[in-house]
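To start, the structure itself, in structure tokens.
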Amino acid sequence: MRLRTKIGLVLLTVALIATGKYVYDRHINHNFMTITEGKVYKSGVIPPDEIKDYVEEYGIKSIVDLRFPGTGDTINNPELPQELIAERDAVAKIKGVKYFNNGSDQVPNEENLKTFFAIMDDSTNYPVLLHCYHGIGRAQMYSALYRIEYEGWTPDEARKKAAFPVQFSSFDHGTPKGEYLKNYKPRRAQRGE
């Protein structure tokens, strides 16, 4: 077998593996990821008929939905009111699980942070699932904020872990989310601790 053919086969195999992983992560596993085992998870939208499976497998007690309808942004925030209602209703049927809606833009505002911290400061809410539409924007942002506030990560450490690779992602230097995290002041620093 010629060297060119071997290289071509290797590249084809790598492309097929990468495509398979993307399809699995995005469309089968809903970009579900463990942030901190037994405490915090993040995902994209999980269909209402599958939520209970994730709740049972990971012991989830609270779901924080970061979506809100009517933004007009069909790329980053394509959610519809009936989707949020369907999820809320599905969660209401699962005993012992709380549903919180904290509709957020890609970069949180003060009201979002206040709501988020109220949820996360309450130990009875854990384990928590944070999710947005795709599971790679707002869910990653709030996962980074969790790591900063509750695990003591530096803002830049959390930013770098928010996406892989971080370079050329929406968390890179010079992007709204990247700059927000780089300049984020944890509550402990604001209190002078």
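The values are calculated or read from the model by the stated rules, or taken from the named source; none is laboratory data. Everything numeric here is computed off the predicted structure, so don't read it as measured data. Every residue, glycine as well, gets a Cβ built from its backbone with ideal geometry; the counts of neighbours run over all protein chains shown. With ligands, DNA and RNA removed, areas are computed over all heavy atoms of the protein, side chains included. Shrake-Rupley method; radii C 1.70, N 1.55, O 1.52, S 1.80 Å.
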Treating the angle as unsigned and between 0 and 90°, give the value, to the nearest 10°, between the Cα long axis of helix 81-92 and the longest Cα principal axis of the chain.
-> 70 degrees
Hey, with R₀ at 35 Å, roughly what FRET efficiency would M1 and T34 work out to, going by the Cβ-Cβ distance, to 0.05?
-> 0.25
DSSP beta bridges in the chain: the antiparallel percent, rounded to 5, is 20 percent
If one computes P(r) from the Cα atoms of segment 62-173, what percent of pairs lie at distances over 17 Å?
-> 56 percent
To the nearest 0.05, the calculated FRET efficiency linking R187 and V107 through their beta-carbon distance, R0 being 22 Å, is 0.80
Please arrange F164, F32 by accessible surface area, largest first, computed with a 1.4 Å probe and ligands excluded.
-> F164, F32
GNM, the chain, Cα, under 10 Å: largest mean-square fluctuation among L11, L181, L66?
-> L11
Spin-label model distance (nm) - V166 vs Y126, 7 Å beyond Cα toward Cβ | 2.4 nm
Could you rank the peptides 155-162, 116-123, 36-43 by their average count of other C-beta atoms within 10 Å per residue, with the highest value first?
-> 155-162, 36-43, 116-123
Run the dipole for the chain about the Cα centre, Lys and Arg Cβ at +1, Asp and Glu Cβ at -1, nothing else charged, and hand back the magnitude in debye, nearest 20.
-> 720 debye
Rounded to 10°, Cα long-axis angle of helix 110-120 versus longest principal axis of the chain | 90 degrees
Given labels modelled 7 Å from the Cα in the Cβ direction, how far is it in nm from E151 to K95?
-> 3.2 nm
For the chain, find the longest principal axis of its Cα atoms and tell me its angle to the long axis of helix 138-151, 0 to 90°, nearest 10.
-> 60 degrees
Volume per residue that the Cα convex hull of the chain spans, once the total is divided by residue count, Å³ = 151 Å³
